[in-house]
Structure formats: C-alpha cells, structure tokens
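The values are calculated or read from the model by the stated rules, or taken from the named source; none is laboratory data. Please read all numbers here as calculations on a predicted model, not as lab measurements. Note: ideal-geometry Cβ built from the backbone for every residue, glycine included; neighbour counts use all protein chains shown. Just the protein is used for accessible areas: all its heavy atoms, side chains included, with ligands, DNA and RNA removed. Shrake-Rupley method; radii C 1.70, N 1.55, O 1.52, S 1.80 Å.
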Amino acid sequence: MKTQFSIPLVFFLVASCIGLLLRWHFVSPLEWLEFPYWLHAHSHIMFLGWIFNVLLLAYIWHFNLYQAKRYRYLFFFIQVLLAGMLVSFPLQGYGPVSISLSALHTLAIWICTYWFFRDTGMLPETASHWFAKKSLILFAISSAGVLAVGPIAANGLAQTKWYYFAVYYYLHFQYNGVFVFGVLSLFLKLLEDRDYLQDHTKVKRAGRILFISLFPGYFLSVLWADPGWFFNVLGLTGALLQLLFVFYFIVLIRRIKLRIDRVAKVLMMISLASFGLKALLQLLSVHPSIARLAYETRPFIIAYLHLVLIGTITFFLMAWYIEQGWVKLRSGVCLTLVLSGFGGMELAMLGGSLSFLKKLLFIDATLLTGFFSLLLVIGMVFFVWGFFAPKSR
C-alpha cells in the first residue's frame, strides 16, 4: 500500500507549488496566468488529490478492501480524473472538460461509498469505522453544492449571493465535515490499533454532536448576506455544538499517553490547536459585523481556509504518514520550515489586512506572505522527499 500512498503526496506537492505560483502572482503579476483558472486547479487538487485521496486510501486499507480488484480499478480511474483536472482547470477554468471530470469524480466516490457501506456492513462498528462512514456520507451531502452551481449559473445568477451560497455549502461540508471526520477516523484507528481506545460508545456520542453541528453551522457561511436574526441563531447553535464537541473530545482523550514520533506529536498538537482556534473563530463570526468583515476582506478568508486545510488537516496527515513509518525526518529542518512558513504566512495575511498591524510590518505584507509561503513549500518538499528518499525505505 505504500506505493499507492505516494500518489496523494505527488498531488500535494503539485498543489503546493501552484499555490506558491498564485502567491507570486500577487508579488509580480504574470500576464499569462489566468488567476481564477489556476486557483480552481489549486483548490481541487489540494482537496481531492491530496486530502481526500489519503482518506479514501486509508479507509480502503484499514478495512482490508484493497484486495478486491474493483477498488483498485476505481482508485486508478479516480487518479486519471484528477490528472485531467490538473490539466483542464488551468486551461479553461470551469469549462466542459473540467466540469465533466469533476462530475465523474463525484460519481466515482458515490460508487465507492456504496461499496464501502456494503462491504463493511457486517463488521463491528468501531469509532474509526463510524467516523469514516460519516465522512463519506458528508462527501455525498457536500456534492449537492457543486451540482447546484451549474443550474444557478445557467439561470443568469452567476456571481450572485445564490451562487456563493452553493459554493460555501460545498466548502463547508468538505473542510468542516468530510476532512475533519476523516482525520478523526485516522486518529481513532491509531488509538484502536494500539489498544488505547476502549469506550467506542462515548466517542461516537461526541461524533454525533459534531455531525449535528454541521447543519446549523452552515449558516455561518452566509451571514454576510444579512439573511435575518434567525439564521444568526442557527449559526450560533452550530458554533456552540462544535465547541461542545471539542471540549468533550479532549476530555475523552486527555488521559491517553500515546507514544508517537516526536515530530508527529508536535504536528498533532498543532492540528488540535488549529481545530480549537477554528471553532472559536466560527463562534465569533456569529456577530454580523465580524461576518461581513471576514467576507469583504479576502486575506481573512484565505487565512481561515489555510488554518483549516493546512493547520488542522494537512499537519495531521503529515503526522499520520510519519506514524506509519513511511516518512523519516532526520533533522528539524523540515518541521522548522513548515511551522515558520505556516505561522508567518497566516500572520502576514492578517497583518496586511488590519490597519493597526500594518505599522508593525517592516516589509510589504504581500511580499512577506510570499516569502513565508516559499518557506512552507520548501518544508513540504523536504517532507515528500522523506517519503521517496532511499533511506526511508
């Protein structure tokens, strides 16, 4: 299986380099670069080629499904679709080819989800199994947002609030749902394999709180449109339930003395801290003025997405690779570059957007963000090299 898990890392590195290219475009504009097209390529490959690819492979591997040829054939087909997206999005954005490939990818995941539920239906439902199933269900739920974008645009409503409602619906259920439940499934599987987790019922009870929180929590993504006080109440309910889950989950695992690699431990702790910060920021966004400020200030949105996708999700997946024994980092250079790049990039984006922080920056915020983005990508290169280097085998 190690060979298969190399594929998401390749997509990860490519998506990171595209992200760095987009950041450089702000520093020194590239005339040939169609920014929205390349942004679609970056987001799709990071979401589907890196994060979801790892999760899907892990589900298949953890439940001994990869021996069935249909899973191997479907996984290969999915990689072909992702490679097609990597080429088509920079060329045409949301065009006929990229839309068709995205639709086929969604269909392929639906098929895989059906197989997964059927083939694991008779197994004892451990906590990791429960979270994996919910992750796949949430992928199907999130796809409704993507499917709605086409009809909305066809009716002349592109770039209206209805268009953004559909886009944010997809994003919300992906990074707050699919990805969070996915990494929790992988974390719980680590605990189960090492006999650290005994009470699966309490963990699943906590998971139900998080699952329920996602539905009212979606309305946090639309408060910028001033839909009315009722939706603020719904958003507040979702945010409070999410914080309740964070508290409950920490209580459940606080006494576990998990023996893991030092670097993996640091990455997991930052992942948990990032998730807690995400939950707190979502609670603050219930206030209408903060919701509108976040919507109107693009660096805030990018910083928040990176907090979730890199700080919470990617750092955990990196730790997970290390714990599988597939990546061996022989020095602290990789960790130093990754953490300083990530932290510096987040602070530079926020500092460049808040007037009272701009005075503290000695260098232009755009240039500073680009510099830290470069450090982050170099750190990611070290990490991927740690997987492919001969010494790591």
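Fully extending the segment from Leu244 to Thr366 would add 40.2 nm, taking 0.36 nm per residue of separation and subtracting the current Cα-Cα distance.
Taking all protein chains together and rolling a 1.4 Å probe, Ile99 ends up with roughly 90 Å² accessible.
Across the chain, C-alpha contacts under 8 Å between residues 6 or more apart give a mean separation that, scaled by the residue count, equals a relative contact order of 15 percent. Two decimals is fine: what is log10 I(q)/I(0) at q = 0.13, 0.15, 0.21 Å⁻¹ for region 178-256, from a Debye sum with one equal scatterer on every Cα and no solvent? Scattering profile of region 178-256, log10 relative to I(0): -0.47, -0.59, -0.92. For the pair region 127-177 and region 284-315, the centres of their Cα atoms are 18 angstrom apart. For region 133-268, with only Lys/Arg (+1) and Asp/Glu (-1) charged at the beta-carbon, what is the dipole magnitude about the Cα centre, in debye rounded to 20? Result for region 133-268 is approximately 600 debye, rounded to the nearest 20. Distance between the pseudo-spin-label points of Trp24 and Tyr196 (7 Å out from Cα toward the beta carbon): 4.0 nm. Between Leu81, Phe116, Phe173, the Cα set farthest toward the positive side of the dipole of region 63-218 (charges on each charged residue's Cβ, about the Cα centre) is that of Phe116. The helix-only estimate of mean residue ellipticity at 222 nm for the chain, built from DSSP H runs of length n ≥ 4 each weighted as -39500 (n - 2.57), is -24500 deg cm²/dmol after division by the residue total. Given their separation in residues at 0.36 nm each and the Cα-Cα distance between them, Thr336 and Ile260 gain 25.5 nm when the chain is fully extended. Sequence-ordered 3J(HN,Hα) estimates for region 173-189 from the Karplus curve with 6.51, -1.76 and 1.60 and θ = phi - 60° stand at 6, 6, 7, 8, x, 4, 6, 5, 5, x, 5, 5, 4, 5, 5, 5, 5 Hz, glycine and proline given as x. Counting every pair of alpha carbons in region 24-83, the share spaced more than 17 Å apart comes to 53 percent. The slack in the chain from Leu147 to Trp115, taken as 0.36 nm per residue of separation less the alpha-carbon distance, amounts to 9.3 nm.
Whole Å is fine, so just give me how far the alpha carbon centre of region 240-262 lies from that of region 318-333. Using only Cα atoms, the two centres lie 22 Å from each other. Placing +1 on the Cβ of every Lys and Arg and -1 on the Cβ of every Asp and Glu, with no other charges, gives the chain a dipole of roughly 1060 debye about its Cα centre. Annotation for Phe388 and Leu280: the two label points, set 7 Å from Cα along the Cα-Cβ direction, are 3.9 nm apart. Label zone (Lys161, point 7 Å along Cα-to-C-beta; backbone nitrogen cut-off 20 Å) within region 264-302: 285-298, 301. State the answer as a single residue: which of Thr201, Met318, Ser135 lies farthest towards the positive end of the charge dipole of the chain, with beta carbon charges of +1 for Lys and Arg and -1 for Asp and Glu, about the Cα centre. Of the options given, the answer is Thr201.
Met345 sits with roughly 10 Å² accessible to a 1.4 Å probe, with DNA, RNA and ligands left out of the calculation. Computed with every protein chain present, the accessible area of Lys161 is close to 100 Å² [probe 1.4 Å]. Find how many whole Å separate the alpha carbon centroid of region 193-212 from the alpha carbon centroid of region 41-55. Computed from Cα coordinates, the inter-centre distance equals 26 Å. Working from label points 7 Å from Cα in the Cα-to-Cβ sense, the Cys17 to Trp32 distance is 1.5 nm. Shape annotation for region 13-159: C-alpha extents along the principal axes are 56, 37, 26 Å, from largest to smallest.
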